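To keep things clear, I will list the structure first and then write my remarks on it.
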Amino acid sequence: MRLMGIDFGEKRIGIALSDEQENFAFPYSVVINDKNAIKEIKKICEENQVEKIILGQSLDYSNQPNPVMKKIELFKDSLKKEIKIPVIYQNETLTTQEAKRIQGKTVKTDASAAALILRSFIEKKNIL
């Protein structure tokens, strides 16, 4: 089984997947955030035997929700309803900036940010 990392954006949604042992995170794809996004994410989950989704939680430097969190919460509810697997928040602070720093701004930046979110979750899970 695999984990999926998601970096939610109002225009694009970055997707990352773990390896089957849930030790590594890899950028996978970028999905356009439109009415078909959940359906596309569900298909990726089914094709890759995803058992859990790790969704980036947008917090400010005071650990308070950013304005986009309302949209992320609605997105999370839709994921849980349509895909029916657990969806867990992981702090995404500065992941997009880190992805840009590592690789430059590309069409895969959002997928790389999702991989950083997923990597943080995996590292935290392995420590505990």
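Coordinate-derived values only; no laboratory data. Here the structure is a predicted model, which means the values were calculated and not measured. When we count neighbours, we look across all protein chains shown, and the Cβ atoms used for this are built from the backbone with ideal geometry, even at glycine.
What does the C-alpha gyration tensor say about the overall shape of region 41-101? Classify as rounded when a/c is under 1.5, otherwise prolate if a/b is larger than b/c, or oblate.
Oblate, because a/c is 1.5 or more while a/b does not exceed b/c.
Under a straight-distance cross-link criterion of Cα-Cα below 26 Å, which lysines are reachable from Lys39, leaving out those fewer than 8 residues away in the same chain?
Reachable lysines: Lys11, Lys52, Lys70, Lys71, Lys76, Lys80, Lys81, Lys84, Lys108.
Work out the length of the dipole vector of the chain about its Cα centre, built from +1 on the beta-carbon of each Lys and Arg and -1 on the beta-carbon of each Asp and Glu, and round it to the nearest 20 debye.
That gives the chain a dipole magnitude of about 260 debye.
How high is the relative contact order of the chain? Use alpha-carbon pairs under 8 Å, at least six apart in sequence, and give a whole percent.
34 percent
I need Lys108, Lys35 ordered by Cβ neighbour count within 10 Å, fewest first.
In order of increasing Cβ crowding within 10 Å: Lys35, Lys108.
What's the exposure ranking of Tyr61, Tyr89, Tyr28, going from fewest to most Cβ atoms within 10 Å?
Tyr61, Tyr89, Tyr28
Does region 2-127 come out rounded, prolate or oblate, given a ≥ b ≥ c as the square roots of the eigenvalues of its C-alpha gyration tensor, rounded meaning a/c under 1.5 and, failing that, prolate meaning a/b above b/c?
rounded
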